[in-house]
Amino acid sequence: MSARNLAIALAFLALVTLPFWMPGIYYINVGSQILFYAIFALGLNVLVGYAGLVSLGHAGLFGVAAYATGYMLQLGYGHTEAILVALVIGVASMALYAVLSLRSTGIGFIMITLALGEILWGLAYRWISLTGGDNGINVPTRPAPFGYSLTVPTTFYYVTLIIFVASVVLSAVFVNSPFGASLMGTRDQPRRMNALGYHVWMIRFYACLFSGLLTALSGILFVYYTQFISPQTLSLTSSAEVLLMVISGGPGTLLGPIVGAGLVVVVKNVVSGFIERWNFLLGAIFVAIVILMPEGLVPGTARLWRLAFRKRAKPVKTETPS
Amino acid sequence: MARKFTRRKFMAGTAMGVAAATFKFPAPAIAQAAPFKLGLLTVKTGPLAQGGIQMEQGVVTYLKEKSYTFAGRKVEFISADTGGSPAGTKTKAQELVEREKVDAILGPLAAFELLAITDYIKEQKTPMLSLAGAEDMTQRRPNPYFLRPSATSAQAMHPMADFAAKELKLKKVITISEDFAFGHEQMGGFQQTFEEAGGRIVNKIWPPLVTPDYTPFVAQIADCDGVCQGFAGSNPLRFLKTYAAAGLKFPVVTGETGGDDALLRSFGDEALGMYSCCPYTLDYANDSNKRFVAAMQKDYGIDPGFYAAGLYVAAAVVDAGLQKNNGKSDDKEAFVKALRSVDLKDTPRGQIKFDHFGNVVGDFFIRRVEKVNGKLVNKTLKTYNNVSQFWTYDEKKFLAAPVYSRNYPPLKT
């Protein structure tokens, strides 16, 4: 596994020094976007990868946190209050989501989260006195913690990076804890877990809350990044996009969603400047991933790596998640 | 691809610039060699794509006509697809400003895209010329780097209401439009002028932007003698089909998006007799319009509408502004000042100039849909000259009132 650690160390180093070797502000901003979308994908991955619960309504939660921030600022509150309230509202909405949707799993769960996401989208779109409807809410300023104004792209990038690293560490702790093990247990053998005395529903509920926390964090970063929020952000397309990040990168791995977020953001924002039919390209990439690496980019690459370099060694126990 | 071509040209231009700098040519020579970078924010994917693609065609038509040269400077044109989402617009605006370092931006298309980037544009001091409606961009929340060479949402509706009350003698009108700012502002402008001229708005109906079936909304139209619709995109087509299918015969009046010339080929006989007011009309008889229409028909095989003409004119304004500023665009403040002082006599929509908010003052045309040789055409009936965004109102009083909205002016009961 040293190759893996080396790769992670190199990637981390690259991220920390990114503003120094990137050719311009534009690319630093793309970097910030990749990072907060990666947090979003990590949040969804807690459910999709570790709990086996596929949610198609996460953009709704993402948007709720963003709207809460925007609305609080519009009411005249400071950034600290706005962020705290947005986090609370984001997690509370997730709790509500969970109470309603955890009544079922599998397709039922997908459909309920889809419906909830659409309800939130509808509210954002039609509750005009609160959300401004299609005109959205403008966020005129970015906060300036400890005197560092986030208006500067590089500062914004580093703050996003700090929150990103914290999220990754938090996710790693979460997954490797006994609680994480029990969550994966509910994914693979819910009835046996139940027989062993675990409260399956409660475990899933806590996992949902953690997912909601990461989603709300990324939603707040998003609204400060674009300084604008409108109903499109909550649409089904956005939910599908983040789900694609998780699935293409590798659900049930920590690195997968991050790589997936990078892939989607780069194709959507950078490659689209060169290729007009970037939607098609993104689709083609996903088809290729599904055919060549159905388990996702990160586990798939690891498998190919093992095939190439460890052929004559003892067969390694693969621990690819289902 | 055209893009690759221009990129290579840009590289060549930069190389020349660098060479010129190295060999210590006089300073003006460098300014001459540097290409002028013109960015376009448009929508090429998704439901708004039809108008967005016409926008790009309009710009390219103008650039071709001028052989990609403004005021002696080569023009490098960079088009970016926002996907019709505010977040996408922000990213693409950053791409144009921070990566491509454009000298001016044309677009975006929709009001919500514009609102998402207005603060950013102000910060970056990049001149932007858009055809999005959002009234307050040139009224209560002006942006010094913004110009609107097309029209505000209500600018065409004031004359339309005047015409409807005075010439069509309508008394009781029902308005129906999409439930977002562009619709609210159009209908607000119509109501204000129409009621001042003695008419009355008896009901306002607001279907959402994405409405699969207009039947329940059309069913509410009754007890009136005219209908004012403010739909955009392809919605006017679906609305009028439902309207005609319901057997309704009240005259319909509309603005630039509801009666756009580019829509006529998709309309059927249900559109006959519809009145519209638009800052551009296909049958405008001057040389510059004939040239523009011929070029659009030759290159793309379509009749241009409001979107293509709007961007053609916007490109002409950039050209004229650059000439006024002696080909210099480095000092953004001087450049935007030159752009705003542009006074063009000969554009496809006639003479235009700008007020001190950067909004256009120009002619507006009242047209009626008729059938000529089996083809639907908008026939111009009347031209209102030199219409400003304030119509005949006093600017101070107008700005002191709230912006037109869903509930302003209120419905009189």
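Values quoted throughout were computed directly from the atomic coordinates according to the rules given, and no laboratory measurement underlies them. Not measured: the values here are computed from a predicted model. Note that each Cβ is placed from the backbone with ideal geometry, even for glycine, and that neighbours are counted across all protein chains shown.
Descriptive notes on the structure:
- Partner chain coverage, peptide B:198-208 - average Cβ within 10 angstrom: 1
- FRET efficiency, 1/(1 + (r/R0)^6) with R0 45 Å, evaluated for A:V290 and B:R140 via beta carbons: 0.30
- FRET efficiency for A:R103 and B:F398, using Cβ-Cβ distance with R0 set to 41 Å, rounded to 0.05: 0.15
- The alpha-carbon atoms of the protein assembly as shown, seen along their principal axes, cover 87, 75, 52 angstrom, with the largest extent given first.
- Aspartates and glutamates whose Cα lies under 20 Å from that of B:K412, excluding same-chain neighbours fewer than 8 positions away: B:D162, B:D179, B:E185, B:E195, B:E196, B:D223, B:D225
- For chain B, averaging the sequence separation of C-alpha pairs within contact (under 8 Å, six or more residues apart) and dividing by the residue count gives a relative contact order of 17 percent.
- With at most 10 other Cβ atoms within 10 Å, longest stretch of chain A clear of loop trypsin sites (Lys or Arg not before Pro) (DSSP): A:1-310
- Rounded Å value of the spacing that divides the Cα centres of the stretch A:215-253 and the stretch A:114-137: 16 Å
- Sorted by Cβ density within 10 Å, fewest first, the residues A:W201, B:W206: A:W201, B:W206
- Mean residue ellipticity (222 nm) of chain B, computed from DSSP H runs ≥ 4 via -39,500 (n - 2.57), nearest 500: -12000 deg cm²/dmol
- Under 5 Å from the amide H of B:L106 lie the amide H atoms of B:G39, B:L40, B:L41, B:L129, each residue being 5 or more positions distant or on a separate chain, with H modelled from the backbone and absent for Pro and chain starts.
- Axis of helix B:157-166 versus longest Cα principal axis of chain B: the two differ by about 30°, to the nearest ten degrees.
- Using only alpha-carbon positions in the stretch B:343-413, the gyration tensor eigenvalues give semi-axes of 29, 22, 9 Å once each is multiplied by 5 and square-rooted (largest first).
- In percent, rounded to a whole number, the relative contact order of the stretch B:121-194 is 31, using alpha-carbon pairs under 8 Å and six or more apart.
- Cα pair distances of the stretch A:1-107 binned at 5 Å [whole percent]: 2, 10, 13, 16, 15, 15, 14, 10, 4, 1, 0
- Using a simple spin-label model with pseudo-atoms 7 Å out from Cα toward Cβ, A:A11 and A:A166 lie 2.1 nm apart.
- Taken residue by residue and averaged, Cβ atoms of other chains lying within 10 Å of the Cβ of A:268-279 number 5.
- Relative contact order %, chain A, counting alpha carbon pairs below 8 Å whose residues are six or more apart: 30 percent
- Coarse-grained scattering of the stretch A:11-69 at q = 0.20, 0.30, 0.31 Å⁻¹, given as base-10 log I(q)/I(0) from a Debye sum over alpha-carbon atoms: -0.84, -1.16, -1.21
- Residue exposure sequence - B:C224, B:C277, A:C208 - by fewest surrounding Cβ within 10 Å: B:C224, A:C208, B:C277
- Taking the C-alpha atoms only, the angle from helix B:287-300 to the longest principal axis of chain B is near 90 degrees.
- Taking each DSSP H run with n ≥ 4 as -39500 (n - 2.57) and averaging over every residue of chain A yields -23500 deg cm²/dmol at 222 nm.
- In this structure, the pairs whose alpha-carbon distance is over 28 Å, taken from B:K337/B:K379; B:K66/B:K332; B:K290/B:K353, are B:K337/B:K379.
- With a Förster radius of 22 Å applied to the beta-carbon distance between B:T380 and B:D299, the computed FRET efficiency rounds to 0.30.
- Degrees between helix B:181-196 axis and first principal axis of chain B (Cα, 0 to 90, nearest 10): 50 degrees
- Calculated SAXS-style log₁₀ I(q)/I(0) at q = 0.20, 0.21, 0.26, 0.32 Å⁻¹ - the stretch A:104-144, Debye, Cα scatterers: -0.68, -0.70, -0.81, -0.97
- Here the translational diffusion coefficient of chain B follows from Stokes-Einstein with Rh set to the Kirkwood radius across Cα pairs; for 25 °C and 0.890 mPa s it amounts to 113 µm²/s.
- Beta bridge orientation in the protein assembly as shown: antiparallel %, DSSP, nearest 5: 45 percent
- Inter-centroid distance (Cα atoms) of the stretch A:1-42 relative to the stretch B:136-176, Å: 49 Å
- Treating each Cα of the stretch A:25-309 as an identical point scatterer and summing with the Debye formula, the log10 of I(q)/I(0) at q = 0.06, 0.14, 0.16 Å⁻¹ comes to -0.18, -1.03, -1.32.
- Fewest-first ordering of B:I174, A:I291 by other beta carbons within 10 Å of each residue's beta carbon gives A:I291, B:I174.
- Cα-Cα separations in the stretch B:116-267 greater than 20 Å, expressed as whole percent: 51 percent
- Candidate aspartates and glutamates - alpha carbon under 16 Å from B:K328, same-chain residues fewer than 8 apart omitted: B:E76, B:D103, B:D319
- Local electrostatic count, B:N289, Cβ distance below 11 Å [Lys/Arg +1, Asp/Glu -1]: 0
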